[in-house]
1. Of these, 22, 89, which one is on the phi > 0 side of the Ramachandran plot and touching a strand residue (DSSP E or B) at 6+ places or on another chain (Cβ under 6 Å)?
2. Looking at segment 42-58, which of its residues are surrounded by fewer than 10 Cβ atoms within 10 Å (Cβ to Cβ) and not in a loop (DSSP other than H, G, I, E, B)?
3. What number of residues within segment 87-101 satisfy the criterion of being within 16 Å of residue 13 (Cβ to Cβ) and either more than 10 Å from the chain's Cα centre (by Cα) or not in a loop (DSSP other than H, G, I, E, B) (or both)?
4. Which residue pairs have Cβ atoms closer than 7 Å, lie 6 or more positions apart in sequence or on different chains, and pair a first residue in segment 4-32 that is in a loop (DSSP other than H, G, I, E, B) with a second residue that is crowded, with 16+ Cβ neighbours inside 10 Å and modelled with pLDDT of 80 or more?
5. When you go through 73, 26 one by one, which is the residue that is more than 18 Å from residue 91 (Cβ to Cβ) and surrounded by 17 or more Cβ atoms within 10 Å (Cβ to Cβ)?
6. Looking only at residues in segment 57-80 that are under 12 Å from the mean Cα position of the chain (by Cα) and in contact (Cβ under 8 Å) with a residue 60 or more places away in the chain, which one is nearest to residue 102 (Cα to Cα)?
């Protein structure tokens, strides 16, 4: 059973329309049964949408796969935020919501 840990609502800061964030996407961070972190990127700020490749964010560093270095979900959220800041396009964080603990 997968455990949804964090939901990041992303947008493209270079594209805004009438004060609204453009190119909205959502990044879901999940802890899998085998204790590996997985990531899903979809269009829009809903819980479903068109799936996208994480590589579209053009991150300079890989997202963490191992949850062991993180004592709390908050520390994981901070690290993923730092990595997202290195990307392009829809990489800026509008909101981040922690839903469950790592343990």
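1. On the way: 22 fails: on the phi > 0 side of the Ramachandran plot.
Sole residue among the options that is on the phi > 0 side of the Ramachandran plot and touching a strand residue (DSSP E or B) at 6+ places or on another chain (Cβ under 6 Å): 89.
2. If the condition is that a residue be surrounded by fewer than 10 Cβ atoms within 10 Å (Cβ to Cβ) and not in a loop (DSSP other than H, G, I, E, B), then 51, 55 are the ones that fit.
3. Selection size over segment 87-101: 9.
4. If the second residue must be crowded, with 16+ Cβ neighbours inside 10 Å and modelled with pLDDT of 80 or more, no pairs are left.
5. On the way: 26 fails: more than 18 Å from residue 91 (Cβ to Cβ).
Step by step, each of 73, 26 is checked, and only 73 is more than 18 Å from residue 91 (Cβ to Cβ) and surrounded by 17 or more Cβ atoms within 10 Å (Cβ to Cβ).
6. Only one residue tops the list, namely 76.
The values are calculated or read from the model by the stated rules, or taken from the named source; none is laboratory data. Everything quoted here is computed from the prediction, not taken from an experiment. Using ideal geometry, Cβ is built from the backbone for each residue, glycine included, and neighbour counts are taken over all protein chains shown.
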